[in-house]
Amino acid sequence: MDEKLKLDFPIDWEEDHYVSRREFFKFVTLASGGLAMGSVVLAVWSQVPRGDRSFERVLIARAGEVPVGGSFEFSYPRPTDLCILIQPEKGKFIGFSRRCTHLSCPVEYQADQHRIYCPCHNGAFSLEDGHVLQGPPARPLPRIKIQVEGDQVFAMGVSLT
């Protein structure tokens, strides 16, 4: 190297790459604190209510296609979003997402027990509002907003609470 350059930039290359124990622990402490804060922010954010989402109104079934005490499968709002339409009593229609909130296993309607059941991990949801009755799911099933006009059943949106 040029002598003038060495005089202008007097760097001891051996010392330049040395990291002291104090600097290392300062970095580890700051990184750990950042990760802890990130975890807290994510935990708080996951508890924020998501509310309702409106989508385009879509005809999903005719009333006669859903047996009383039975269910009907459909997709809403996208073709990949599996849903279930249930008619627990004549003229009353209820819609839910068909994906369990635990690990996205498909749920099924159990008319004899008046609940929605996930066979993967023995989870169960209430038919009234989709809240968890048993098992590992921590969140209720998203509810599909249903509107009935004559013999036509429409999906209007999704309620995530």
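Kirkwood Rh over Cα pairs of the chain into Stokes-Einstein at 10 °C, 1.306 mPa s: D in µm²/s? Each step should come with its number before you reach the end.
Numbers: Rh = 19.7 Å.
So the translational diffusion coefficient is about 81 µm²/s.
At 1.4 Å probe size, with the rest of the protein present, what percent of the exposed accessible area of the chain is carbon and sulfur atoms?
Values: 6220 of 10920 Å².
Taking all protein chains in place, the chain shows 57 percent carbon and sulfur surface.
Report, in deg cm²/dmol and to the nearest 500, the calculated mean residue ellipticity at 222 nm for the chain, where each DSSP H run with n ≥ 4 adds -39500 (n - 2.57) and the sum is divided by the residue count. Present the calculation step by step, with values, prior to reporting the outcome.
Working: 3 runs with 36 residues, N = 161.
Rounded to the nearest 500, it is -7000 deg cm²/dmol.
Which chymotrypsin sites (Phe, Trp or Tyr not before Pro) does the range 1-83 hold that lie in a coil by DSSP with at most 10 other beta carbons within 10 Å?
Working: sites: 13, 18, 24, 25, 27, 45, 55, 72, 74; in loops: 18.
Counting only loop positions with at most 10 other Cβ atoms within 10 Å, the chymotrypsin sites (Phe, Trp or Tyr not before Pro) in the range 1-83 are 18.
In square angstrom, what is the accessible area per residue of the range 84-161 with a 1.4 angstrom probe? The partial results should precede the final answer.
Working: 3700 Å² over 78 residues.
The answer is 47 Å² per residue.
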Going by Cβ distance under 4.7 Å, what cysteines of the chain have no possible disulfide partner?
83
As I understand it, the value is the acute angle between the Cα axis of helix 21-46 and the longest principal axis of the Cα atoms of the chain; what does it come to in degrees, rounded to 10?
20
1/(1 + (r/R0)^6) with r = Cβ-Cβ of residue 53 and residue 24, R0 = 41 Å, i.e. FRET efficiency to nearest 0.05, evaluates to 0.30
Can you return the lysines within cross-link range of residue 92? Criterion is Cα-Cα under 21 Å, with same-chain partners fewer than 8 residues away left out.
145
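The values are calculated or read from the model by the stated rules, or taken from the named source; none is laboratory data. Bear in mind that the values here come from a model prediction, so they are computed numbers and not experimental data. Every residue, glycine among them, receives a Cβ derived from its backbone with ideal geometry; neighbour counts consider all protein chains shown. Only protein heavy atoms, including side chains, enter the accessible area calculation; ligands, DNA and RNA are left aside. Shrake-Rupley method; radii C 1.70, N 1.55, O 1.52, S 1.80 Å.
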